[in-house]
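The values are calculated or read from the model by the stated rules, or taken from the named source; none is laboratory data. Just so it is clear, the structure is predicted and the values come from calculations on it, not from any experiment. Neighbour counts run over all protein chains shown; Cβ positions are idealised from the backbone, glycine included. In case anyone asks, the SASA skips ligands and DNA or RNA and just uses the protein heavy atoms, side chains included. Shrake-Rupley method; radii C 1.70, N 1.55, O 1.52, S 1.80 Å.
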Amino acid sequence: MKPFTYILPRSLPEAATAAARKGAQLKAAGIDLIDRMKERIETPSEVVNLLSLKGELSYIKSERDSGLRIGALTTLNDLELDAALGAAQFGALREAAGRTATPLVRNRATIVGNLLQVTRCWYLRSAAFGCLHGKKGPACLAMTGENRYHSVMGYFDCVRVHPSNLAPALLALDAEFTSQLGDRQSRRKLSELFPKEARAMLAEHTLLPGEIVTAIHVPAQPANARSAYRESREKLSFDWATTACAARIVVEGGKIRTATLVLGAVAPVPMPMPEAAKLLIGEAPSDELFQKVANAAYQSAVPLSQNVYKVQVGKAVVRETLHAITR
Amino acid sequence: MIDPGKVLATFCINGEEQACAFVSHRTLLEVLREDLQLTGTKHGCELGECGACTVQINGVPVLSCLMLAVDAIGQQIRTVEGLADGPALHPLQDAFADLGAAQCGYCTPGLLMTAEALIARDPCPSREAIKQGLAGNLCRCTGYLKIFEAVELAAARMRGENPVPKRETIYGS
Ligand SMILES: Cc1cc2nc3c(=O)[nH]c(=O)nc-3n(C[C@H](O)[C@H](O)[C@H](O)COP(=O)(O)OP(=O)(O)OC[C@H]3O[C@@H](n4cnc5c(N)ncnc54)[C@H](O)[C@@H]3O)c2cc1C
Ligand code: FES
Ligand code: FES
C-alpha cells in the first residue's frame, strides 16, 4: 500500500469536510478498499475512517410505519441476525446478507460498503492491466477476453458486473438512502445510487466526491408482502454470485397482486425488471408462469463468448426465487 | 489524524498491553507478524479468501489481512498465542491434536480462533452450526471432517463431558 494520512473524524460534518478534499477516500471496514489499495489500483493520499462514527452510524431501527432505518456502518452479520429483519417481508434482505462471502467477512463488512464495492472484474482489479473502466486503458479487455463472470445485459462499452448481493434485495424492497454532502442532507431512491447508463467511464455509483451515505431506508412494505433472494455461484462459501434474483410479491385470494423483480450479477448495475414482474400481476403462482417471467427477464440478454451459461442458470434462479416466496 | 510514516501505539493483545512502533498503512496481519513477532497468525491469500489470518477483535473472529492495524488500537485483540493457559493447551488445541485435525497446520491458527468464538457463543453447536461457522476458513489437507469432530469434542469437554471419540475418527474406517 502507498502511505496515506489517516483521518479519524469526530463528527459527520468533520468527515464530510475531510472527504471532500482532493485525493481523499472514505473507508468503512475497508474490506473492499484495502484490497484495492494493496493492489495499488487505488492510491489515496488521505483515508477518512468512517468507523470512528460507528456509535452514530451503526443501528437497525424499526420505524413507526413498520419500515426500517439502517445505519450505513451496520454489518452484514447484524442484518442477518437482527430480529427486526425476521419478518417474511424483509426475507430478501436477510437472505442476501446471510449468503454474502463468509462469516469472517460478514462480521466486519458494512451495508453501504457492500453497495459501493467496486466490480470484481479481474482486469480492473489487477494493476497489470489498464482498461476503460477507471484506469485509462484503451478498451474493455473483458469484452473480448476472459469473460465468464461478466455481464449478459445492460452493458455498453464495458461488461463489468455489479457484485453486490444487497443491491438487488434492497431495490426489490423499494429502499431509499440518505446522504450527506458538505452540510447538505438528501434522501433519494436507492435506484438513483446507480448510473442509468452504465458506461465504462462512470463509477459504479452516482455519489459526488466526498458524499457520504449515512442511512438506508426500507419503507413499510405492502400488507402481506413476502420477499426472497436467491443466487447461483460456483462455490458453497466465499464466492460472489454468478447470477442473482430478488423479488417481493403480494398474493391475495390465490392471485398475485403486486410484484417487484430485480436481477443481480448479470449487468454493470443491478437490474430492476418491471416488465417481467408485470406478467405476474393477476395470475395464480405456477411454475409455468414463473418460467414465462424468467424468460422475459432474460429476453434482452446478449451473452459474451464465455458466459452463455448465465442465461440458463439465471432463469432457473428467477424461478427458484419466485417459488421460494409463494411456497 | 495519523500522519504517514511510523506511529507509536499501544495494542491490547492477549490481555497484555504492548507498545509498538509501526508504519501506519500496515495491515493488522503485517503488524502482528512482522512488528510484534506474533507469527502464529498465518499469512495466506491476503484477499479475504482463506481465513488463515483470522484473529479475534473483542471476541469476534475477523480477517487481519483486510484490516488496518490502526483500526485495532484500543480494541481487545486475541491471537492463537493467547489460547493456551501457560503450558496447558486450550481444549480446542488438545482436541485438534488428539484427532489429527491438523495436517500441514497452516489453517489451524485461524480455525482455532473462529472455533473458539463459535463455542463461546454456542457451547453446544450442532454439526450444521459448526460447518456454517467455519465456512470462512479453508483447509487444503484434512477434508474438514476431523476439524468438525475436533470442535465437537472440544465443546463437549468444555461442557464437562468426556466423550470417547469413535474408533473410525481416530483410525479411519
Ligand atoms: C472473500 C470475499 C467474498 C465476498 N463475497 C461477496 C458476495 O458474495 N456478495 C457480495 O455482495 N459481496 C461479497 N464480498 C464483498 C464484501 O461484501 C464487501 O467488500 C464489503 O461489504 C465492503 O464493505 P466495507 O465496509 O469493508 O467497505 P469498504 O471497503 O470500507 O468501502 C467500499 C467502498 O465504499 C465506499 N464507502 C463505504 N462506506 C461508505 C459510506 N457510508 N458513504 C460513502 N462511501 C462509502 C468506500 O469509499 C469504498 O470505495 C466479498 C468479499 C470478500 C473478501
Ligand atoms: S490471508 Fe486473510 S483471508 Fe487469506
Ligand atoms: S491442515 Fe493443511 S491447510 Fe488445513
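What residues does the stretch A:93-112 have that are buried by at least 40 Å² of accessible area in the full protein assembly compared to the chain on its own, 1.4 angstrom probe?
Residues of the stretch A:93-112 that lose at least 40 Å² of accessible area once the other chains are added: A:P103, A:L104, A:N107, A:R108.
Among A:Q306, A:Q117, A:Q89, whose mean-square fluctuation peaks in a Gaussian network model of chain A (Cα, cutoff 10 Å)?
A:Q306
Given a 1.4 Å probe and no ligands, DNA or RNA in the count, how much accessible surface is buried by A and B, both sides, to the nearest 100 Å²?
What A and B bury together is about 2300 Å².
What net charge do the residues around B:I170 carry, taking every other residue with its C-beta under 15 Å from that of B:I170, with Lys and Arg at +1 and Asp and Glu at -1?
-2
For the protein assembly as shown, what does the accessible surface come to per residue with a 1.4 Å probe? Please give it in Å².
Counting only protein heavy atoms, the per-residue value for the protein assembly as shown is 42 Å².
Subtract the Cα-Cα distance of A:K292 and A:R125 from 0.36 nm times their separation in residues, and report this length gain in nm to one decimal.
This chain segment gains 56.4 nm when fully extended.
Could you work out the local net charge near B:L138, counting Lys and Arg as +1, Asp and Glu as -1, over the other residues with Cβ closer than 12 Å to its Cβ?
+2
Which entries in A:K136/A:K278; A:K27/A:K189; A:K278/B:K131 show an alpha-carbon gap greater than 30 Å?
A:K136/A:K278; A:K278/B:K131
Please name whichever of B:Y106, A:G67, B:L134 sits farthest to the positive end of the charge dipole of the protein assembly as shown, dipole taken about the Cα centre and charges placed at Cβ: Lys and Arg +1, Asp and Glu -1.
A:G67
Mind jotting down the three principal axis lengths of the stretch A:207-327 based on Cα atoms? Whole angstrom, largest first.
46, 39, 29
Taking 8 Å as the Cα distance limit and 6 or more residues as the minimum spacing, I'd like the relative contact order of the stretch B:6-82 as a percentage.
37
Show me the trypsin sites (Lys or Arg not before Pro) within the stretch A:177-215 that DSSP assigns to loop and that have at most 10 other Cβ atoms within 10 Å of their Cβ.
A:K196
In chain A, what percent of the accessible surface is made up of carbon and sulfur (1.4 Å probe, ligands and nucleic acids excluded)?
The C+S portion of the solvent-accessible surface of chain A is 52 percent.
So if I restrict to the alpha-carbon atoms in the stretch A:96-229, what is the Rg, and what is Dmax, the biggest pairwise distance, in Å?
So, for the stretch A:96-229, Rg and Dmax equal 16.3, 52 Å respectively.
Using every Cα-Cα pair within chain B, state what percent have a distance larger than 26 Å.
That fraction is 30 percent.
Using only Cα atoms, what Kirkwood radius does the protein assembly as shown have, in angstroms?
For the protein assembly as shown, inverting the mean 1/r across all distinct Cα pairs yields 24.0 Å.
Note down the magnitude of the dipole of the protein assembly as shown about its Cα centre, charges +1 on Lys and Arg C-beta and -1 on Asp and Glu C-beta and zero elsewhere, to the nearest 20 debye.
Around 1060 debye, computed over the protein assembly as shown.
What Kirkwood radius, in Å to one decimal, follows from the Cα pairs of the stretch B:91-171?
Radius from the Kirkwood sum: 12.4 Å.
If you take the charge dipole of the stretch A:251-296 about its Cα centre, with +1 on Lys and Arg Cβ and -1 on Asp and Glu Cβ, which of A:A294, A:G253, A:P268 is farthest toward its positive end?
The listed residue farthest towards the positive side: A:P268.
In the full protein assembly as shown, how much of A:E39 is accessible to a 1.4 Å probe, in Å² to the nearest 10?
For A:E39, solvent-accessible area is about 70 Å².
Would you mind telling me the share, in percent, of accessible area of the stretch B:6-82 contributed by carbon and sulfur at probe 1.4 angstrom?
C and S fraction of accessible area: 47 percent.
Over all directions, average the projected area of the Cα convex hull of the stretch A:51-157 and note it in nm².
Across all orientations, the stretch A:51-157 yields a mean hull projection of 9.7 nm².
Report the net charge of residues surrounding A:C245, where surrounding means a beta-carbon distance below 14 angstrom and charges are Lys +1, Arg +1, Asp -1, Glu -1.
Surrounding charge for A:C245 is +4.
Which positions within the stretch A:1-24 get 20 Å² or more of their accessible surface covered by the other protein chains, compared to the chain by itself, with a 1.4 angstrom probe?
Buried by 20 Å² or more upon assembly, which counts only protein chains, are A:M1, A:P3, A:F4, A:T5, A:Y6, A:L8.
Return the percentage of antiparallel bridges among DSSP beta bridges fully within the stretch B:6-82, rounded to the nearest 5 %.
Of the beta bridges lying entirely in the stretch B:6-82, close to 90 percent run antiparallel.
Can you tell me the orientation of helix B:145-158 relative to chain B, as the angle in degrees between its alpha-carbon axis and the longest Cα principal axis, to the nearest 10?
So the helix axis and the longest Cα principal axis differ by about 90 degrees.
Determine by what factor the alpha-carbon radius of gyration of the stretch B:6-82 differs from 2.2 N^0.38 Å, reporting the quotient.
Normalised Rg, Cα atoms only: 0.96.
Just B:P87, B:P163, B:P109 to compare: in a GNM of chain B, with alpha carbon springs under 10 Å, which one fluctuates most?
Between B:P87, B:P163, B:P109, it is B:P87 that shows the largest mean-square fluctuation.
Just to be sure I understand: with springs between alpha-carbon atoms less than 10 Å apart, which residue in A:G182, A:G145, A:G30 has the highest mean-square fluctuation in the Gaussian network model of chain A?
In this elastic network of chain A, the residue with the biggest mean-square fluctuation among A:G182, A:G145, A:G30 is A:G145.
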